[in-house]
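Here it is, the structure in full.
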Amino acid sequence: MDSLQYVMQNHPCYINGHSRYGRIHLPVAPKCNMKCNYCDQKIGCSYHAFRPSVATKILSPDEAVELVRKYAHNERLRVAGIAGPGEPLYNENTFKTLEKIHIAFPELILCLSTNGLLLEDYAEMLKDLGVKACTITINCLDANIGAKIYSYVTYKGTRYEGIEGAQLLIEKQLKGLSKIVKQGIVTKINSILIPGINDMHIAEIAAEVKRRGAHLQNITPLIPLASFEDIRKPTSSEIIDARNNCEKIIPQFRHCKQCRADVIEIA
Ligand code: SF4
Ligand code: SF4
């Protein structure tokens, strides 16, 4: 079985198989290089808040290895991932952690979630470090829409705002997607459905990411927080309709739990 097939059959977020296999997110990456208007990052947050960008505490790479060791005997554990609570590729400890986990637990699928801004720059390194699955959050392809979703991005020490920042992010995300797919890494695209902002645009994202080789799309509802706290959460039927519509273009993941950056879920 090749690596792509293995990921598609064993990663719980690629097979809709949460009841069969488990995953651990290692919260080693606190810093972020951009600001999404829906993001309310919280570190030191108790376990009752279940959403992305949240973690109880930040682990060092060695602490992350010890955490995985506690659960590694469970044969249902298939994935060790890094999903924040900031941007993984903007934190040196992400790379140290990936290296250590891959050496200590080569049987686990290494997984990474990213905003994509630095993905083109690090795609080859991720392959060399043993990453087998990657999720990129892409919420729009149009910088006019992006300027409403993202407050700023910082790239190589320069801060870009508004349409300029959104344009840079979108270009980097798409180039990063093409490059990570070329490395043989299985790629899922998260798209957050934001009513009145990008809801009419999700199918266009599906078509472009499919064209660039993404394997799966995961459309999730906005959690109204931070600058978007007054935007309504999409209804279940809006999400189902968007998934059904995009399923005609690219396979859909329909069981996302919008996990914390330190989730441990082993069936
Ligand atoms: Fe928050 Fe992630 Fe957006 Fe950074 S990329 S602002 S951590 S949601
Ligand atoms: Fe899987 Fe969704 Fe959780 Fe990511 S946030 S690990 S896709 S269930």
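Every number here is computed from the coordinates shown, using simple stated rules; none is lab data. Nothing here was measured: the structure is a model prediction, and the numbers come from that model. Quick reminder, even Gly has a Cβ in these numbers, built from the backbone with ideal geometry, and neighbours come from all protein chains shown.
Tell me the label-point distance for the pair ALA226, ILE264, using the 7 Å Cα-to-Cβ offset, in nm and rounded to one decimal.
Calculated label separation equals 2.8 nm.
Treating only the Cβ atoms of Lys and Arg (+1) and Asp and Glu (-1) as charged, compute the dipole magnitude of the chain about its Cα centre; round to the nearest 20 debye. Write down the numbers at each step before the final one.
Working: 33 positive and 28 negative charges, 82 e Å.
The calculation lands at about 400 debye.
State the antiparallel share, in %, of DSSP beta bridges confined to the chain, rounding to the nearest 5.
Details: 9 of 37 bridges.
If we restrict to bridges inside the chain, about 25 percent are antiparallel.
Which whole-number percentage describes the relative contact order of region 119-267, with Cα contacts under 8 Å and a sequence gap of 6 or more? Walk me through the intermediate numbers first.
Details: 224 pairs, mean separation 34.4, N = 149.
Relative contact order for region 119-267 comes out at 23 percent.
Can you compute 3J(HN,Hα) from phi for each residue in region 101-108, using the Karplus curve 6.51 cos²θ - 1.76 cosθ + 1.60 with θ = phi - 60°, rounded to whole Hz and x for Gly and Pro?
The phi angles translate into 5, 5, 6, 6, 9, x, 7, 7 Hz.
Within straight cross-link reach of LYS148, meaning Cα distance under 19 Å, which aspartates and glutamates are found once same-chain residues fewer than 8 apart are removed?
In chain and number order, the partners are ASP40, GLU161, GLU164, GLU171, ASP199, GLU204, GLU229, ASP230.
If you don't mind, another one. Identify which of SER237, SER178, SER60 has the largest mean-square fluctuation in a Gaussian network model of the chain, with springs joining Cα atoms closer than 10 Å.
Fluctuation is largest for SER237.
Fewest Cβ neighbours within 10 Å first, please rank CYS256, CYS134, CYS39, CYS13 accordingly.
Working: CYS256 18, CYS134 29, CYS39 22, CYS13 25.
The fewest-first ordering by Cβ neighbours comes to CYS256, CYS39, CYS13, CYS134.
Taking the Cα atoms only, what angle lies between the long axis of helix 236-247 and the longest principal axis of the chain, rounded to 10 degrees?
That helix lies at roughly 80 degrees to the long axis.
Which residue fluctuates most in the GNM of the chain (Cα springs below 10 Å): ILE136, ILE180, ILE145?
It is ILE145.
Then there's this: What Kirkwood radius, in Å to one decimal, follows from the Cα pairs of region 133-185? Walk me through the numbers before you get to the answer.
Details: mean 1/r = 0.0864 Å⁻¹.
Every distinct Cα pair counted, the radius reaches 11.6 Å.
Using Cα atoms only, what is the angle between the long axis of helix 162-182 and the major principal axis of the chain, expressed in degrees (0 to 90) to the nearest 10?
Between helix and principal axis, roughly 40 degrees.
In what sequence do MET125, MET8 fall when counting other Cβ within 10 Å, fewest first?
On the way: MET125 13, MET8 17.
Fewest-to-most ranking of MET125, MET8: MET125, MET8.
Moving on. For a bin width of 5 Å, list the pair-distance distribution of the chain built from all Cα-Cα distances, rounded to whole %.
Pairs per bin, as whole percents: 1, 6, 13, 18, 21, 19, 12, 6, 2, 0.
So what is the relative contact order of the chain, in percent, for Cα pairs below 8 Å that sit 6 or more residues apart? Spell out each step's value before the answer.
Details: 576 pairs, mean separation 65.5, N = 267.
Computed over the chain, the figure is 25 percent.
Rounded to the nearest 0.05, what FRET efficiency do GLU75 and ALA104 give with R0 = 25 Å and r taken as the Cβ-Cβ distance? Could you check? Show your work: numbers first, answer last.
Numbers: r = 17 Å, r/R0 = 0.66.
So, using R0 = 25 Å, E works out to roughly 0.90.
Given contacts defined as C-alpha pairs under 8 Å and at least six residues apart, what's the relative contact order of region 96-190, whole-number percent? All intermediate terms of the calculation are to be shown ahead of the outcome.
Numbers: 148 pairs, mean separation 33.6, N = 95.
Taking the mean separation of contacting Cα pairs over the length of region 96-190, I get 35 percent.
Determine, for ILE194, ILE249, the number of other Cβ atoms within 10 Å of each Cβ, and report the residues in order from fewest to most.
On the way: ILE194 25, ILE249 18.
So the ranking, lowest neighbour count to highest, is ILE249, ILE194.
Let me ask you something else. Taking the radius of gyration and the Kirkwood hydrodynamic radius from Cα positions alone, what is the Rg/Rh ratio for region 167-225, to two decimal places?
Details: Rg = 12.1 Å, Rh = 12.2 Å.
Dividing the radius of gyration by the Kirkwood radius yields 0.99.
By a straight-distance test (C-alpha under 17 Å), which lysines pair with LYS172 as possible cross-link partners, with residues fewer than eight away in the same chain excluded?
Cα-Cα hits under 17 Å: LYS35, LYS156, LYS182, LYS188, LYS210.
Full extension from GLU164 to LEU4: what is 0.36 nm times the residue separation minus their Cα-Cα distance, to one decimal in nm? Working shown, then result.
Values: separation 160, 0.36 × 160 = 57.60 nm, distance 3.55 nm.
Here the answer is 54.1 nm.
Another question, if that's okay. Give me the angle, in degrees from 0 to 90, between the Cα long axis of helix 61-71 and the longest principal axis of the Cα atoms of the chain, rounded to the nearest 10.
70 degrees
Same structure again: Going through region 180-267, which trypsin sites (Lys or Arg not before Pro) have at most 15 other Cβ atoms within 10 Å and a DSSP loop state?
On the way: sites: LYS182, LYS188, LYS210, ARG211, ARG212, ARG232, ARG243, LYS248, ARG254, LYS257, ARG260; in loops: ARG212, ARG232, LYS248, ARG254, LYS257, ARG260.
Sites meeting the loop and neighbour criteria: ARG232, LYS248, ARG254, LYS257.
Then there's this: Report, by chain and number, residues whose modeled amide H sits under 5 Å from the one on THR135, excluding near sequence neighbours (fewer than 5 apart, same chain).
Result for THR135 returns LEU112, SER113, THR114, LYS188.
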